[in-house]
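The values are calculated or read from the model by the stated rules, or taken from the named source; none is laboratory data. Just so you know, these numbers come straight off a predicted model, no measurement behind them. Because the Cβ atoms are built from the backbone with ideal geometry, glycine has one as well, and the counts that use them run over all protein chains shown.
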Amino acid sequence: MADLINLNAIREAQDRICGIAVRTPLVRLEHGKLRELGFSPHSGVEIYFKDESAQPIGSFKLRGAFNKVAQLSPAQLKRGVITYSSGNHAQGAAFAARALGSKAVIVMPEGAPKVKRDATAALGAEIVIVGNASTERKAKAEELAAKFGYAMVPPYDDEAIIAGQATCGIEILEQCPDADLVLSPVSGGGLLSGVATAIKLKCEADGCKAPHIWGCEPELAADAKESFDTRTLVEWPASKTVRTLADGLRTQSLGRRNFAHILHFVDGVVTVTEEEIRSALKVILAATDLVAEPSGAATLAAALFHGDQLPAAEKTVAIMSGGNLEPSLRAELEAEASLARV
């Protein structure tokens, strides 16, 4: 089993990313607005968003990417960095590289949302396009790294990445110390493994009860749930995972290190349907001032539609992992919401 990160590594990551990644807000979802939209939350149950769309790149990925790139040697930074990503980690690595004076090369799938591809290019990255399989873009990045000497900045399967994402969990405990349940999207497992590790280790160190930590993913890309339930790391074919609207959750398998942390610190994984993700997106647009991308709405979808599968909770924190929503999809969702109110 891979080594697990410790609380000291997370604290060091906090210091390292300070001034680059921001302390994102916790936003309460108002019951009155939920009722207006046809939802009846259980009495006393409160849902809060951990709004990672407030990061400079619009997603949590900056935490891990900067923590990793900031630890590279001057020689490595001079040669440049490379990663493979459908969009948000691409922006995180590109942002970190630019901040530290390094070149960034990003291998992206042809199906990556245009808004994410354009944002990555705007940060000065060189983009290499390959097919939609996550295995394909990883192989291409490794090939280019070997050829040109670029330093690899993995999107999730790396201790520095996990420690960086874990800083989100520390903030959740500080902002909502009495949370009963924390919901995180899961794809490759960087965010879920980091947040769960941080929360469980910090609560253990403080001698207090930890909230339950659950992962949320589309049922069309449910490799993480299958892996968690069987305690065996499985891989789904790209032909299956690309079916989901949640482009950031299409990874075919959890990372090996992430899986080890998830088995040790996570309490469960729940899946949501495509229609539930769309409904959650519309709720966020209609009931808050926030904008979520499909991957970031998976946690609210779980809270709204799968409460019977989740632990009972009076305060639930749903991590909204990113807000890089395609303008065309936003217009489509807002039109659907308007028709529903007529």
Practice prompt. Just need a number here: residues in the range 218-248 that are assigned to a loop (DSSP other than H, G, I, E, B) and closer than 21 Å to Ser59 by Cβ.
Written response: 4
Worksheet entry | Answer residue from the range 17-30, given it is touching an Asp or Glu at 6+ places or on another chain (Cβ under 8 Å) and not aliphatic (A, V, I, L, M) and is surrounded by the fewest Cβ atoms within 10 Å (Cβ to Cβ) among those | Arg28
Worksheet item: Among the residues of the range 92-124, how many are assigned to a loop (DSSP other than H, G, I, E, B) and more than 15 Å from Gly149 (Cα to Cα)?
Response: 8
Worksheet item: When you scan the range 297-342, how many residues do you find that are of a type in the set (Asp, Glu), assigned to a loop (DSSP other than H, G, I, E, B), more than 15 Å from Leu29 (Cα to Cα) and in contact (Cβ under 8 Å) with a residue 24 or more places away in the chain?
Response: 1
Fill in: One residue from Phe39, Phe66, Phe95 being within 21 Å of Pro294 (Cα to Cα) and either of a type outside the set (Gly, Ala, Ser) or out of contact with any helix residue (DSSP H, G or I) (no Cβ under 8 Å at 6 or more places or on another chain) (or both)
Phe39
Worksheet item: Can you find even one residue in the range 76-91 that is crowded, with 18+ Cβ neighbours inside 10 Å, among the aromatic types (Phe, Trp, Tyr) and assigned to a strand (DSSP E or B)?
Response: yes
Item to complete: Residue by residue through the range 153-183, note down the ones that are in contact with a helix residue (DSSP H, G or I) (Cβ under 6 Å, 6 or more places away or on another chain) and either without any contact (Cβ under 8 Å) to a residue 12 or more places away in the chain or part of a helix (DSSP H, G or I) (or both).
Response: Ala160, Ile161, Ile162, Ala163, Gly164, Gln165, Ala166, Thr167, Cys168, Gly169, Ile170, Leu173
Worksheet item: Cβ-Cβ below 8 Å, separation at least six or inter-chain, first residue in the range 42-55 and modelled with pLDDT of 95 or more, second of a type in the set (Phe, Trp, Tyr): which pairs?
Response: Glu52/Phe60
Discussion item. Given (1) among the polar types (S, T, N, Q); (2) within 20 Å of Met320 (Cα to Cα); (3) part of a loop (DSSP other than H, G, I, E, B), identify the lone condition not met by Ser53.
Written reply: (3)
Worksheet item: Is there any pair with a first residue in the range 78-90 that is touching a residue at least 12 places away in the same chain (Cβ under 8 Å) and assigned by TED's automatic domain parsing to the domain that holds Ile106 and a second that is buried (at least 24 other Cβ atoms within 10 Å of the Cβ) and among the hydroxyl-bearing types (Ser, Thr, Tyr) whose Cβ atoms are under 6 Å apart and which are 6 or more apart or on different chains, and what are they?
Response: Asn88/Ser59; Ala90/Thr120
